[in-house]
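Shown next, in structure tokens, is the structure this report addresses.
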Amino acid sequence: MVRRLFMALVALVLAAAPTSAQNVPTPLQHFGFEIGQDRKLADWNQLTSYYEKLAQTSQRVTVDTLGLSTMGRPFVMLTITSPENHARLAEFKAIQEKLADPRKISGEAELQRLLQQGKTVVLITHGIHATEVGGPLTAARVVWRMATSNDEKVRTILDNVIFLSVPSLNPDGLDWVTQYYLKYVGTQYEGGPLPWLYHFYTGHDNNRDWYALTQKETVLAIQGAHNTWHPQIVHDIHQMGSNGARIFFPPFIDPWEPNIDRGLMVGVNQLGAYMAAEVTAAGLPGAVIQAQYDAFTPGRAYQHYHGGVRILSETASVRVATPINVPKERLGPGRGFDASKSSWNFPYPWPGGEWTLGDIVDYMDAGVMALLTNAAVNRPFWLKNFHDIGARAVAKWDRWPEAWVIPAGQTNKTGVDFVLRILTTGQVEVRQTAADFTAAGRTFPAGSWIIPMRQPYASFAQTLLEVQHYPDLREYPGGPPQRPYDVTAHTLPLLMDVEAVALQQSPGVALSTPIGIPEYSFQLPAHLQGRRASRVAVYKSWQEPMDGGWTRWVFDQHKMKYDTLHDADIKGARLDRRYDAILFQTQSPESIKNGLDPSSTPPEYAGGLGAEGVAALKAFVEAGGRLVAVEEATEFVAELFQLPVKSAVEGLRNTEYYIPGSILRLDLDTTTELAAGMKKETIAWYGTDSRAFEVSDPALRVLARYGSPDPLLSGWVLGGDKVAGKPAILEADVGKGSVVLFGFQPNYRAQTVATFPLLFNALRR
């Protein structure tokens, strides 16, 4: 009934299509099915060819290819607005450039002219998580409506908004999920898990890359959309679990990252609440606000540091495109609401029952139309708010220093270049000194990099360069910790092993013009180069962890030679004849041994190593090979060789011990081969899968320990004393070979340049 009501409203809008739109193909005419039809998906070629047809037949739509995805597919952006606005796009882009940087505005008269003439720029992105198939389909239906309808609401949007649509932030994954799903429709495997990461390197983590900016798709979206158009509003469309609300909109729950401007907070709050109100008014139950998601990490919110609000919406999922049934009794408590009962932030509960792909598309569609309407009707607010955010940044916040300096002459060129690449890609102005200068009680050499903090995107620099002090939030006073949505630390100088110093006064030295974007300067260690390089393999199960994908990315950027091993490559193989070292990234012992469930996975992808694969790995080490395991995988290795090691925090309640993704101090034994050439003190990225070890047998050599008495460097730790001084890296001889156990993640999302050497050194012959 709900869907019939909503589709009737859609039909009323589309019934007012202008005569000139008669040649514009409908989605049904192009795809052969209605958008949202059960078990029907479109691949990337079908979607992009439809957008080309819309651009050819409607003066309201253009399509641009911003570049190529990781696997070589076109990465496209659509620009949708009135024909009159299309003729003046260069003018509107110039207005955005000035509003984004108030230093370019001559005075009040010019400002008022820009505010009067400018348009609200809205960027809507879809499908970054490829199994969340509703977004790319919704994009097609919305763009068709914008291309054809002459309804007053649509015309108001077209006249007042420059609407940018990225219909998929992950076209590779879209094709993989679509092709795999359609291959098995009608079989027992319909809607089953994709047996590989749906982004080649990062899987689900591709929406955690929005400050490190490592992946092609991230950089294309940043440079082609965000940095080019400086949108006032960004709407990132997602899907979530099925047993709670039907759709989430902001406001976000606390905490907000402290460098996000107040204008962005109020903008997010009013727009998200408006979207929820419009969806509810359209007769669609189950919209929730101020629940589930916080706004702390910049890894998901680039625009919050670039003057625009970031709206996240999350719609309940189905089994890819297969309907599900959710009984009312399965609806229950979530963070900040209860899906089984009405509350102030969840006033219209969904009663349970059948939930379909069509429902997903309808809810997403209603949210998009509400956002675009708000952007159009409240155009003066959005432009003025956007300008004022930049003006406050240029005037400098009181809590910010006058400048940051990254001293020249640091030995870690890889880390320095990585940090500078992030900042400059994020349009932070970075300059170099022409001479030595003295500040903060020390002398800095000529060529040091200065980040003045009176600039539009100073907040991006500040949040990435300063140490995070995540608040101690509890579910109730004295109770368990309130789980952060992601992690609690992102301090680049610590992650990258780079020195950055806050200056409370201007450096008082001549500065260059802003530098360009440097390239990566990854350097592969000598023992992994040339004819005598260690022969390395990475285990790649059909349930590959995302950390495995990130590791492949790091190895590929270093141009390192390695093989990936599936289960079948290991079973019965004489691995010692081909490899010196095999790496197991964080993965549970059960997943490694048993793999994917054969009831939902085709036989060629089901199962794990099994007894045969486990025996082959054991023989590999005993014959002289080295097995390197990270976090959860250390339990698999410890069990395999009956190593006398256990967790130092096993059985502790989360009120006693909790580290949800923070940067800890790590003390290295620099006399070991693993820490050769490194400083005694570095960092450890410690997350929910990390380990602090307890050992009593001297045969297990301790190569590193967590810092003591307080290991925390950035983020949030409860019960830090429980891991302080505990072993973090272990090594043991087994037969003629050896094993190395990393309790922490040495390659966290390709950002821990500080601990890359530990991982590379572990892969020696």
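Would a scan of the stretch 750-757 turn up a residue that is of a type in the set (Ser, Thr, Tyr) and more than 23 Å from Met546 (Cβ to Cβ)?
Among the residues of the stretch 750-757, not one is of a type in the set (Ser, Thr, Tyr) and more than 23 Å from Met546 (Cβ to Cβ), which makes the answer no.
Of everything in the stretch 581-636 that's among the aromatic types (Phe, Trp, Tyr) and open to solvent by less than 10 Å² (accessible area, probe 1.4 Å), which residue is farthest from the chain's Cα centre (by Cα)?
By that ranking, first place goes to Phe620.
Consider Gly224 carefully, then state whether it is open to solvent by 10 Å² or more (accessible area, probe 1.4 Å) and touching a strand residue (DSSP E or B) at 6+ places or on another chain (Cβ under 9 Å).
yes
Within the stretch 162-204, take every residue that is part of a helix (DSSP H, G or I) and open to solvent by 30 Å² or more (accessible area, probe 1.4 Å) and give me the one that is nearest to Val320 (Cα to Cα).
If we take residues in the stretch 162-204 being part of a helix (DSSP H, G or I) and open to solvent by 30 Å² or more (accessible area, probe 1.4 Å), then Leu182 is nearest to Val320 (Cα to Cα).
Write out, first by first residue and then by second, each pair whose Cβ atoms fall under 6 Å of each other, whose residues are 6+ apart or on separate chains, and whose first residue, in the stretch 270-289, is open to solvent by less than 10 Å² (accessible area, probe 1.4 Å) while the second is among the basic types (Lys, Arg).
Between residues of the stretch 270-289 that are open to solvent by less than 10 Å² (accessible area, probe 1.4 Å) and residues that are among the basic types (Lys, Arg), the close pairs are Gly286/Arg246.
Has the stretch 435-443 got at least one residue that is in a loop (DSSP other than H, G, I, E, B) and among the polar types (S, T, N, Q)?
Looking through the stretch 435-443, none of the residues is in a loop (DSSP other than H, G, I, E, B) and among the polar types (S, T, N, Q).
Tell me yes or no: at least one residue of the stretch 473-488 is touching a Lys or Arg at 6+ places or on another chain (Cβ under 7 Å), more than 30 Å from Gly608 (Cβ to Cβ), hydroxyl-bearing (Ser, Thr, Tyr) and in a loop (DSSP other than H, G, I, E, B).
No: zero hits.
Taking the criterion of being of a type in the set (Ser, Thr, Tyr), open to solvent by less than 10 Å² (accessible area, probe 1.4 Å), more than 25 Å from Gly308 (Cβ to Cβ) and more than 22 Å from the chain's Cα centre (by Cα), would at least one residue in the stretch 410-423 satisfy it?
no
Report the residue count in the stretch 146-161 for those that are open to solvent by 10 Å² or more (accessible area, probe 1.4 Å) and either closer than 15 Å to Ile35 by Cβ or of a type in the set (Asp, Glu) (or both).
3
Which one of Asp388, Asp472 is touching a helix residue (DSSP H, G or I) at 6+ places or on another chain (Cβ under 8 Å), open to solvent by 20 Å² or more (accessible area, probe 1.4 Å) and of a type in the set (D, E, K, R)?
Every option except Asp388 fails the conditions.
Across the stretch 391-403, which residue is surrounded by the most Cβ atoms within 10 Å (Cβ to Cβ) among those that are touching a Pro at 6+ places or on another chain (Cβ under 7 Å) and assigned to a helix (DSSP H, G or I)?
Ala393
Residues being open to solvent by 10 Å² or more (accessible area, probe 1.4 Å) and either of a type outside the set (Val, Ile, Thr) or assigned to a helix (DSSP H, G or I) (or both): count how many of those fall in the stretch 59-76.
Counting residues in the stretch 59-76 that are open to solvent by 10 Å² or more (accessible area, probe 1.4 Å) and either of a type outside the set (Val, Ile, Thr) or assigned to a helix (DSSP H, G or I) (or both) gives 10.
Could you check the stretch 604-675 for strands (runs of 3 or more DSSP E) lying wholly inside it with 2 or more residues that are over 22 Å from Phe584 (Cα atoms)?
662-668
Could you check the stretch 721-741 and list, in sequence order, the residues that are out of contact with any Ser or Thr (no Cβ under 7 Å at 6 or more places or on another chain) and crowded, with 22+ Cβ neighbours inside 10 Å?
Within the stretch 721-741, Val723, Pro727, Ala728, Ile729, Leu730, Val739, Val740 qualify.
Within the stretch 292-313, restricting attention to residues that are open to solvent by less than 10 Å² (accessible area, probe 1.4 Å) and under 16 Å from Tyr363 (Cβ atoms), which residue is nearest to the chain's Cα centre (by Cα)?
Leu312
Before we move on, is Arg454 of a type in the set (Lys, Arg), touching a residue at least 40 places away in the same chain (Cβ under 8 Å) and closer than 17 Å to Gln505 by Cα?
yes
Could you please find all residues in the stretch 690-719 being in contact (Cβ under 8 Å) with a residue 60 or more places away in the chain and under 29 Å from Leu465 (Cβ atoms)?
Leu713, Ser714, Gly715, Trp716, Leu718, Gly719
The values are calculated or read from the model by the stated rules, or taken from the named source; none is laboratory data. Computed from a predicted structure; not experimentally measured. Positions of Cβ are generated from backbone atoms using ideal geometry, with glycine treated the same way; all protein chains shown enter the neighbour counts. When the accessible area is computed, the model is the full protein with side chains, heavy atoms only, and any ligands, DNA or RNA have been set aside. Shrake-Rupley method; radii C 1.70, N 1.55, O 1.52, S 1.80 Å.
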